[in-house]
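No value in this document is a laboratory result; all are computed from the given coordinates. These numbers come from a predicted model, not from an experiment. Reconstructed Cβ throughout: ideal geometry from the backbone, glycine too, with neighbour counts over all protein chains shown.
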Amino acid sequence: MINLLFDNQIFLAQPAGGISRLFAELYRNFKLPQSGIRVSTPFSFGDNIYAHNIGRQKSFFSGIQFKGKNKVKNVINKYCMTSQLQKKKYDIFHPTYYNPYFIDYIGKKPFVLTVFDMIHEIYAQTYFQKDTITSKQKKYLVEKAKRIIAISESTKNDIIRIFKINPDIIDVVYLGCNMDFRKSIKCPVGLINKKYLLFVGNRGLYKNFLMFVRSIAPLLKKYEGINVVCIGGGSFTKEECFELNKYGVSNGFIQKLVFEEELINYYYNAIAFIYPSLYEGFGIPLLEAFSSGCPVIASDIPVFREVAGKAALYFNPESEQDLTEQIEKILNSTSLQEEYTKLGYEQIKKYSWNTTAKMTEEVYLKAI
């Protein structure tokens, strides 16, 4: 039995997201009786939905404001984490993000680091000029880790190319998905009579959202009644509103914030899911779409080819015309929609959180 400790840094850094979901799912799977892992992670105060779901976090005096509230919360959270590190009642440590604070506490205990992408390095001059600390911390930990987990072969290749790391210590462990289209196929409230394309997640920087707006604009004008539903990512920014107004499609774009259990309805009832990113480390929304029977139109980038295989209709992310053409193909062909729905159902069989947990456990064994 391996004694494993996760820290809580990612659960404190984001209310939701792919990284915190990964560690919550690992925690859930390692808690199963058949697991060879005895996992622990410090209880903390925060608002991460996945940490709440596994019972390792709750809100700190929700609805009550007082002077120094955040400072008190941060002090308690830090104490909970560092006290567990100092006790050293674990065989291996797995930090949930790149802050190297723990190096002073773990002594000779081995740690495994998961690298989720190399976006900060690849787009350092374009998008991350003000955030140099993330890349520095990542590089520092990559060089000290006993083993490294990359969430795709594409990410592994980027780590090797950019950080010059020995490939023998890097293991590829794919992410999973626990959506089940059979549980709920209701049409989303307010969209009963609307046909729509779906965009999920953040829209800034390398997500290529504005290019998508320019590509879809002529089709929204050509095909009456078609909308674009954007899930998550917050309200449209001023820049996004300007572009939507500029192309006369502001009425065709709908922004929604939904709970995870509702998300499957949006996938299932969409004409197609559009994923125009210039770069990703993996792409969990691909798996969500496949699980929900939603046809996928995705950027032709290496990681999407790796994860989606033949189950997506690809386009050049630098070509507005190419994306327009691929979307129009889907709009005009129910047979094509059905074909990619079936391909998605086949592709999703390759991914599960249970498999992710088993492969991660194998990495721990190598590290020990």
**Item:** Residue order, fewest to most beta carbons within 10 Å, for Leu205, Leu365
**Value:** Leu365, Leu205
**Item:** Pairs from Lys221/Lys256; Lys195/Lys222; Lys109/Lys164 whose Cα-Cα separation, in the structure shown, is over 18 Å
**Value:** Lys221/Lys256; Lys109/Lys164
**Message:** If I compute Rg and Dmax of the Cα atoms in Å from the structure I just sent, which labelled value in (i) 21.7, 69; (ii) 21.4, 65; (iii) 19.2, 56 lines up?
**Reply:** (ii)
**Request:** Could you list which residues have their amide H under 5 Å from that of Tyr196, counting only those 5 or more apart in sequence or on another chain, with H placed in the peptide plane?
**Result:** Asn227, Ile271
**Placed amide H near Ile231: partners under 5 Å, 5+ positions off or other chain** = Phe199, Val200, Gly201, Lys256
**Fill in**
HN-Hα couplings for the stretch 53-69 via Karplus (6.51, -1.76, 1.60; θ = phi - 60°), in whole Hz with x for Gly/Pro, come out as 5, 9, x, 10, 7, 8, 5, 9, 6, 4, x, 10, 10, 8, 4, x, 4
**Prompt:** Quick one: Cα centre-to-centre distance for the stretch 335-358 and the stretch 192-267, in angstrom?
**Reply:** 25
**5 angstrom amide H check on Arg38, placed H, neighbours 5+ away** = Ile2, Asn3, Leu4
**Fill in**
Residues Met359, Met118 in order from fewest to most other beta-carbon atoms within 10 Å are Met359, Met118
**Prompt:** DSSP beta bridges in the chain, what fraction antiparallel, as a percent rounded to 5?
**Reply:** 0
**Fill in**
For the stretch 1-152, percent of DSSP beta bridges that are antiparallel (nearest 5) comes out at 0
**Request:** For the stretch 1-81, give the magnitude of the charge dipole about the Cα centre (Cβ charges: +1 Lys/Arg, -1 Asp/Glu; no others), in debye to the nearest 20.
**Result:** 260
**Asked** Where a Cα-Cα gap under 19 Å defines reach, which aspartates and glutamates qualify for Lys136, not counting those fewer than 8 residues away within the same chain?
**Response** Asp104, Asp117, Glu121, Asp158
**Request:** Taking the chain as the reference, fit the longest principal axis to its C-alpha atoms, fit the long axis of helix 153-163 to the helix C-alpha atoms, and give the angle between the two in degrees, 0 to 90, nearest 10.
**Result:** 60
**Request:** Based on other C-beta atoms within 10 Å, arrange Lys164, Lys256 from fewest to most.
**Result:** Lys164, Lys256
**Percent RCO, i.e. relative contact order, over the chain, from Cα pairs under 8 Å lying at least 6 residues apart** = 16
**Fill in**
the stretch 195-350: antiparallel bridges as % of DSSP beta bridges, rounded to 5, reads 0
**Item:** Centre separation in Å (Cα based) which lies between the stretch 12-45 and the stretch 113-161
**Value:** 22
**Request:** Select from Gly283, Cys294, Ile226 the residue farthest towards the positive end of the dipole of the stretch 195-350; place +1 on Cβ of Lys and Arg, -1 on Cβ of Asp and Glu, and compute about the Cα centre.
**Result:** Ile226
**Complete:** CD proxy, 222 nm, the chain: helix-only mean residue ellipticity via -39,500 (n - 2.57) per DSSP H run with n ≥ 4, per residue, nearest 500, stands at -13000 deg cm²/dmol
**Item:** Shape category assigned to the stretch 195-350 from the gyration tensor of Cα positions, a/c cut at 1.5
**Value:** rounded
**Request:** When a/c is below 1.5 the answer is rounded, else prolate if a/b is larger than b/c, else oblate, so apply that to the stretch 61-164 with a ≥ b ≥ c taken from the square roots of the Cα gyration tensor eigenvalues.
**Result:** oblate
